[in-house]
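The values are calculated or read from the model by the stated rules, or taken from the named source; none is laboratory data. In this text the structure is predicted, and so the values were computed from the model without any measurement. Cβ coordinates were reconstructed from backbone atoms using ideal geometry, including for glycine residues, and neighbour counts include every protein chain displayed. Heads up: the accessible areas ignore ligands, DNA and RNA and are worked out on the full protein's heavy atoms, side chains in. Shrake-Rupley method; radii C 1.70, N 1.55, O 1.52, S 1.80 Å.
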Amino acid sequence: MLSASLKSHPAPVPTHIAIIMDGNGRWAKKRLLPRAAGHRKGADAVRKAVKGCIEHGISYLTLFAFSSENWKRPADEIDDLMGLLRLYIRQELDQLRKNGVKVRFIGDLSPFSDDIRSLISDAEAETAANNRLVLSIALNYGSHAEIARAARSLAQDAADGILRPSDITEEVFAAKLHTYGLPDPDLLIRTSGEKRLSNFLLWQSAYTELLFLDTLWPDFNRKALASAIHEFQSRERRFGARS
Ligand code: FPP
């Protein structure tokens, strides 16, 4: 039973939710559909997650849309994912802008085609002034590469005499990551029953609450988001201290 004081002061919602969207392929396979159909339905679930986050007053949503390991997939599946990304940006940009969503893309964007990179920079520029929800889409992202890149950049700064090794604090290091400017995630959700971080936000999730759901990503909806937030609110976060 909740005490009256707890009822009147509900636990805060997470400020930042990160999601590993997994299970599109299995969703399609269960229905004897091509994998592309699962990815398309996955893009619908992205729309629902963004809408739901706005409704719940979540400030930051970070989605793992394409990992640096996903290039190992067959060319036709990569083409489908790129097509879907183009479509998503073209179709959603207007709504995202109107809904006060600031879109940013994190990861090494250099291998993407020129047209995708220009869609990305236009989407970022057109939504830069928004502040209701910051939607970060991770593309060609991998934490090990991100951390190695940060270390390389700091080593270069030290070699150039811009900073001393003793100046490298956790904050200075974090400022070199793709996620610079984002608070660490409070809640990280992975769908589809897999219980791994798969090279996603390893530095940033040191104290993140992890939630592994059996739901396949295309089935993720407002109800699933509400129940994930509810589960987060029931957890006690101690950050290494005692309760
Ligand atoms: C994992 O499912 C999902 C992906 C590799 C891609 C995620 C992409 C989308 C949700 C659609 C487009 C995204 C945006 C932002 C528009 P999987 O294929 O690994 O599924 P499986 O493990 O069941 O095979």
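Cross-link pairs exceeding 18 Å between alpha carbons, from the set 48/98; 30/195; 29/223; 51/98; 48/223; 51/195: 30/195; 29/223; 51/195.
Shape class of segment 107-243 from the alpha-carbon gyration tensor: oblate, with a/c at 1.5 or above and b/c at least as large as a/b. For segment 16-125, the gyration tensor built on C-alpha atoms gives an oblate shape. Its axis ratio a/c (a ≥ b ≥ c) is at least 1.5, and a/b is not larger than b/c. Rounded, prolate or oblate, given the Cα gyration tensor of segment 64-185, with a/c below 1.5 counting as rounded? Judged from the Cα gyration tensor, segment 64-185 comes out oblate (a/c at least 1.5, b/c at or above a/b).
Membrane-span-like helices in the chain, defined here as complete DSSP H runs extending at least 27 Å along the helix axis by their C-alpha atoms with mean Kyte-Doolittle hydropathy no lower than -1.0, are 35-56, 75-98; this is a sequence and geometry rule, not a statement about a membrane. The residues of the chain present an accessible area of 54 Å² per residue when probed at 1.4 Å with all protein chains retained. At 1.4 Å probe size, with the rest of the protein present, what percent of the exposed accessible area of segment 125-188 is carbon and sulfur atoms? C and S fraction of accessible area: 53 percent.
Compared with the alpha-carbon gap, the fully stretched path from residue 226 to residue 98 is longer by 43.8 nm at 0.36 nm per residue. Under 15 Å of direct C-alpha separation, and excluding same-chain neighbours fewer than eight residues apart, residue 176 reaches these aspartates and glutamates: 108, 146, 157, 167, 184. In this calculation the C-beta distance from residue 238 to residue 198 is compared with R0 = 22 Å, giving a FRET efficiency of 0.25.
Reported to the nearest whole Å, the Cα centre-to-centre distance from segment 7-72 to segment 113-189 is 21.
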